[in-house]
Amino acid sequence: MQKHNLEPENWVEKYGDMLLNYALVRVKERDMARDLVQDTFVTALKSIPTFRGEISEKNWLYLVLKTRILDYYKKKKEVLESDMKKDDEDDDYFNDKGHWLKDKLPNEWTTERMVESEEFMAILKACTDKLTPSQALVFTMKYLDGEEADDICKELNISASNYWVIVHRAKVQLRNCLEINWMS
């Protein structure tokens, strides 16, 4: 068996903060994010014999953490399913393809001003923190991680219609929150 240059004794120091930040974006509760990172290290330690060295140690740890996070949400699948049971009071904002209706388009946003503004970034974070756990997870996977809808559905074991309802509700909630807290 080929020997790999893994250094588990340095993982916490080298990767702990980066993995925690990654987890915090995906799991709102700091304690849960810490638990997931700790579980990542334990799982990786147990998996050293199967590490093939095809990716870097750092990327391997990120993949282990991503799997831990997905497992966490799969265990909380009832949260994802509960999002489907809420009333569809916001259905009048989008067409059947998920695009804004012309008369419901958000106010014009000057993105240059927003990206450069620490105030906007703080408001965006506060608005994102108000999303349900499933909305936050799906939103992060789609818009921050750049994953495809089909892949997200497979990873979370949800239907395409459930996925689109969650994305739809996240967009509506973020729009409303940003317009109230930033645009007005």
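The values are calculated or read from the model by the stated rules, or taken from the named source; none is laboratory data. Fair warning: this is a prediction, and the values are worked out from it, not measured in the lab. Reconstructed Cβ throughout: ideal geometry from the backbone, glycine too, with neighbour counts over all protein chains shown.
Among the residues of the stretch 146-184, which ones are of a type in the set (S, T, N, Q) and buried (at least 18 other Cβ atoms within 10 Å of the Cβ)? N162, Q173 - these are the residues of the stretch 146-184 that are of a type in the set (S, T, N, Q) and buried (at least 18 other Cβ atoms within 10 Å of the Cβ).
One residue stands out among those in the stretch 1-49 that are part of a helix (DSSP H, G or I) and touching a residue at least 60 places away in the same chain (Cβ under 8 Å): the one that is surrounded by the fewest Cβ atoms within 10 Å (Cβ to Cβ), which is V25. Cβ-Cβ contacts under 7 Å between residues 6 or more apart (or on different chains), taken from a first residue in the stretch 53-72 that is within 22 Å of L137 (Cβ to Cβ) to a second residue that is in a helix (DSSP H, G or I) and β-branched (V, I, T), are listed as L61/T40; V64/T40; V64/T43; L65/V37; L65/T40; R68/T40; R68/T43.
The numbered conditions (1) outside any helix (DSSP H, G or I); (2) acidic (D, E); (3) within 21 Å of E119 (Cα to Cα) are all true for E179 except (1). Among the residues of the stretch 110-126, is any farther than 15 Å from L70 by Cα and at pLDDT 85 or above? Yes: the stretch 110-126 contains one or more residues that are farther than 15 Å from L70 by Cα and at pLDDT 85 or above.
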